[in-house]
1. Ignoring ligands, DNA and RNA, how much accessible area is buried between chains B and A, both sides summed, with a 1.4 Å probe, to the nearest 100 Å²?
2. When ranked by the protection proxy of mean other Cβ atoms within 10 Å per residue, highest first, what sequence do the peptides A:92-102, B:211-221 form?
3. Pairs of Cα atoms under 8 Å, at least six residues apart: use those to get the relative contact order of region B:115-156, whole percent.
4. Other chains' Cβ within 10 Å of A:148-154 residues: what's the mean?
5. Which whole number gives the average, over all residues in A:186-199, of C-beta atoms from other chains lying within 10 Å of the residue C-beta?
6. Return the distance in nm (one decimal) between the two label points of a simple spin-label model at B:SER20 and A:GLU145, each offset 7 Å from Cα along Cα→Cβ.
7. Which whole number gives the average, over all residues in B:18-27, of C-beta atoms from other chains lying within 10 Å of the residue C-beta?
8. Would you mind classifying region B:112-220 by shape? Square roots of the alpha carbon gyration tensor eigenvalues, ordered a ≥ b ≥ c; an a/c under 1.5 is rounded, otherwise it is prolate if a/b is larger than b/c and oblate if not.
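The values are calculated or read from the model by the stated rules, or taken from the named source; none is laboratory data. Since we're looking at a predicted model, the values are computed, not measured. For neighbour counting, all protein chains shown are included, and Cβ atoms are generated from backbone atoms with ideal geometry for every residue, glycine included. In case anyone asks, the SASA skips ligands and DNA or RNA and just uses the protein heavy atoms, side chains included. Shrake-Rupley method; radii C 1.70, N 1.55, O 1.52, S 1.80 Å.
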Amino acid sequence: MGEAIVITSGKGGVGKTTTTANLGTGLAMRGHKVVLVDADIGLRNLDVVIGLENRIVYDIVDVVEGNCKLKNALIKDKRTEGLYLLPAAQTRDKTAVSNEQMTKLVSELKEEFEYVLIDCPAGIEHGFKNAIVAADKAIVVTVPEVSAVRDADRIIGLLLANEVSYVKLIINRLRKDMIDAGNMLDIDDTLEILSVDLLGIVPEDSEIIRSSNIGEPVVIKAETPAGIAYRNIVARILGEDVPLMELKKEPTGFLSTLKRLFGRK
Amino acid sequence: MRDIVAFKGKQSSLEIEIASDADFSDALKAIAERLEAKRSFFAGSACVNVVGGSLSEEQQKELETMLKRDFGMLSVDFDSANKPKSRIPRVPRLFQKEESAPVSELKSDVLSKKVGSAVFVMETVRNGQRIDFDGDIVVCGDVNFGAELVATGNIAVMGALRGKAHAGSMGDETCVVTAYRLAPQQLRIGGIIAIAPKNAQQVNYPEIARVVGDTIVIAPASRVIK
């Protein structure tokens, strides 16, 4: 029997989908059987980020409406063994799946998979409730901005009220230079306000945008800061004790510029 | 036909105007019907000001009893249209920090006297959550931005108060708001509203907010409790 983890944030654009794709890929790379469920019906993106867009035949709405069997809608990842995607429907909206249907679907998936990662839509309406109804645990993604942290606080309150009591936090897109200059909320401020455990920190990394565009999660890439950060988070999900990575500024000296120029593969 | 009673929402109270030619029992019935129909809407009003209708003393008494008994109004005034206007500022004032206020002025014997029911909230109150209580509220945790506490009595936060707090929500201005770290978005005590000055410095000790004159004043808790 696996566990269902919802990845949520309240605010849009903080990196829920990217996080889902990377954590799912990372868990599968470690040899676990993982399914990603895109609950963002009508605005699906997870398939794009993971590079499976062209392979979609059936989706989550087809499954709950009985147009196909669950296993027909699951798309096997082209790179990583043990990773599957249940895509959202693009031509429908959030009302197409009820809470009961979602609960039934996720419990079926939990029999087959060790990890069911649910990519939650932004907002606190039906789509959000639908995504969290079957979750055993929640990962809240935020960025170090006041508005994102306040939304995360709201979301944590709603999760706790809906009896999702295991809530961990990922702080995404952290920029060391901005924190040092006092222009960004630092980790301690954020944790103090939200009073939940930190699962990990992902530094701002331009590689994320590139890898999302080509449909290849950054976690696969050994050398990228965000890739390392996601692999650390995966290890923590698996119960390993990994220290937080030290955030470095982009080095700007002459020598390091040379190193960077020649160090590139 | 013109209504024999008219309702007006004022800043801190509800004004009921009775037409000068209205029959008292008709007016009484009309008021009861209107309040009954929108009970939940008027539930937040604590004070009523009755204008017009040239009521006799017995009639005033009867109306007052009805408003208090049946509709939970706290105070009922009659024909106070000519009284000086409410001293509640329309724009929230900045609350003052009084680090150096003389201790004698800070002496507050209301603190120990309040006896009533209290609710203990054993978790952090988060954005979008609201706690409404007829009595005192004690939060064992933080009150985050976007959270609201509304108490008819005092409010104590054993943590950081970052959201909104309204003590004495039925008009009691002797109530206080206290927190280990008092950094609210907005404070209300009774009918007085205050927001933090822009350059307010955060201190690392518990503070108490209470009404002095017509302003909400903040002072170190240790100083007030003496």
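1. Answer for the B-A pair: about 1000 Å² buried.
2. B:211-221, A:92-102
3. 42 percent
4. Averaged over the peptide's residues, the number is 5.
5. 2
6. Roughly 6.0 nm, to one decimal.
7. 0
8. rounded
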